[in-house]
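A short write-up of the structure that comes next.
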Amino acid sequence: MTTPGFAELDALPTEELRERAFAKAREQRDVRFFWSVLKHLPDADEAASLDGAPHSIGPTVDEAVALWRELEGRDLGAHEPLLRAAFIDYLSK
């Protein structure tokens, strides 16, 4: 399977980009990606309370996804372009 190009990804809605990026990060257990996304959200203080210990990567990924789900449907406002760029960049790798 080929990696989608920028134009193809940029044409997708933000929620589709998020779903694809989160699926990839969950599959790869890429906690760093989740933290990089969560720290740019308006309610990022909640993310600081998550464990993040190396021995608990599975639960930490699940906690990060759960936190995002709590934030779903909220207006991302000025944060949306940054998040879109992060999703596109991650999916392009």
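The values are calculated or read from the model by the stated rules, or taken from the named source; none is laboratory data. As the structure is a computational prediction, the values presented were derived from the model and not from experiment. Methodologically, a virtual Cβ is constructed for each residue, glycine included, from the backbone with ideal geometry; neighbour enumeration extends over all protein chains shown. Protein only, heavy atoms only, side chains kept; ligands, DNA and RNA dropped before computing areas. Shrake-Rupley method; radii C 1.70, N 1.55, O 1.52, S 1.80 Å.
So what does residue 93 come to for accessible area, using a 1.4 Å probe and Å² rounded to 10?
150 Å²
By per-residue mean of other Cβ atoms within 10 Å, what is the highest-first order of 25-36, 4-15?
So the peptides 25-36, 4-15, ranked by packing, come out 25-36, 4-15.
How large is ³J(HN,Hα) for each residue in the stretch 4-12, as worked out from phi by the Karplus curve 6.51 cos²θ - 1.76 cosθ + 1.60 (θ = phi - 60°), to whole Hz, x for Gly and Pro?
For the stretch 4-12, the Karplus curve yields x, x, 4, 4, 5, 5, 5, 6, 7 Hz.
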